[in-house]
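Notes follow once the structure below has been shown.
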Amino acid sequence: MTDAVFPTTGYLAWQFSQIVAGRLERALRAEDLTLAQHNALQHAALTPGVSAAAIARRSGITAQSMGAAVTQLVARGLLRREPHPTSRRSMRLYVTDEGHSAAARAASIAGRIEAETTAPLGTDDKDTIHRLLYHLVERLNPDALTVDRRS
């Protein structure tokens, strides 16, 4: 018999995030989307005109990775770029009609994965975990929760 392991909260959070991300990544293959592309589509749908740099900050990934994801979505006709009215270095992102359909299907997939991965919990526990995680993210990466239509 092995010794009991008492993992840290950070380790448990990382393990859970890996489980969710892995399942979501596999499920999004049906839509031919990566996690970064999914994030880009969802953020652009939520905040039309957002920049790729803002999405990267919100998603916690590098600007280069987000730039590659956005370029692929533009090539597929799911996003379109428009020049920013005041910044020559920034492009604004908009979801196309086809992109809105893909974003809706992907959001449905993400909802299913969340329901599956939290199924062992009761409603009160789900609400508590959501509230606590929201509070932590709000303090540690407030950009992740920002909806700024001026991005």
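The values are calculated or read from the model by the stated rules, or taken from the named source; none is laboratory data. Since the model is a prediction, treat every value here as computed from it, not as a measurement. Here the Cβ is made from the backbone with ideal geometry for all residues, glycine too, and neighbour counts use every protein chain on show. Heads up: the accessible areas ignore ligands, DNA and RNA and are worked out on the full protein's heavy atoms, side chains in. Shrake-Rupley method; radii C 1.70, N 1.55, O 1.52, S 1.80 Å.
Give all pairs with beta carbons closer than 8 Å in which a residue from the range 120-136 that is closer than 13 Å to A13 by Cβ meets a residue that is at pLDDT 95 or above and not aliphatic (A, V, I, L, M); count only pairs at least 6 apart in sequence or on separate chains.
I129/T118
In the range 8-54, what count of residues is obtained for those that are hydroxyl-bearing (S, T, Y) and assigned to a loop (DSSP other than H, G, I, E, B)?
Restricting attention to the range 8-54, the residues satisfying the condition of being hydroxyl-bearing (S, T, Y) are 8-9, 11, 17, 34, 47, 51.
So of that shortlist, the ones also assigned to a loop (DSSP other than H, G, I, E, B) come out as 8, 34, 47, 51.
Here the count works out to 4.
Would you please name the residue that is surrounded by the fewest Cβ atoms within 10 Å (Cβ to Cβ), looking only at residues in the range 106-151 that are modelled with pLDDT of 95 or more and within 14 Å of the chain's Cα centre (by Cα)?
Out of the qualifying residues, it is G111.
So, in the range 86-99, exactly how many residues are open to solvent by less than 90 Å² (accessible area, probe 1.4 Å) and either part of a helix (DSSP H, G or I) or under 23 Å from A30 (Cβ atoms) (or both)?
Filtering the range 86-99 down to residues open to solvent by less than 90 Å² (accessible area, probe 1.4 Å) leaves 87, 90-96, 99.
Filter once more, so that each one left must be either part of a helix (DSSP H, G or I) or under 23 Å from A30 (Cβ atoms) (or both): 95-96, 99.
Total meeting the criteria: 3.
(1) out of contact with any Lys or Arg (no Cβ under 8 Å at 6 or more places or on another chain); (2) in contact (Cβ under 8 Å) with a residue 40 or more places away in the chain; (3) crowded, with 20+ Cβ neighbours inside 10 Å; (4) not acidic (D, E): which one isn't true of R57, the others all being true?
(3)
So if I check each of V5, V74, which one is open to solvent by 70 Å² or more (accessible area, probe 1.4 Å), aliphatic (A, V, I, L, M) and either out of contact with any helix residue (DSSP H, G or I) (no Cβ under 9 Å at 6 or more places or on another chain) or outside any helix (DSSP H, G or I) (or both)? Break it down into steps so the answer makes sense when it comes.
Details: V74 fails: open to solvent by 70 Å² or more (accessible area, probe 1.4 Å).
Every option except V5 fails the conditions.
Which residue out of S101, S90 is touching a helix residue (DSSP H, G or I) at 6+ places or on another chain (Cβ under 8 Å) and over 23 Å from A13 (Cα atoms)? Step through it out loud before you land on a result.
Numbers: S101 fails: touching a helix residue (DSSP H, G or I) at 6+ places or on another chain (Cβ under 8 Å).
One residue alone meets the criteria, S90.
Condition test on A69, is it in contact (Cβ under 8 Å) with a residue 24 or more places away in the chain, in a helix (DSSP H, G or I), farther than 28 Å from G10 by Cβ and open to solvent by less than 90 Å² (accessible area, probe 1.4 Å)? Walk me through it before giving the result.
On the way: in contact (Cβ under 8 Å) with a residue 24 or more places away in the chain: yes; in a helix (DSSP H, G or I): yes; farther than 28 Å from G10 by Cβ: no; open to solvent by less than 90 Å² (accessible area, probe 1.4 Å): yes.
The answer is no for A69.
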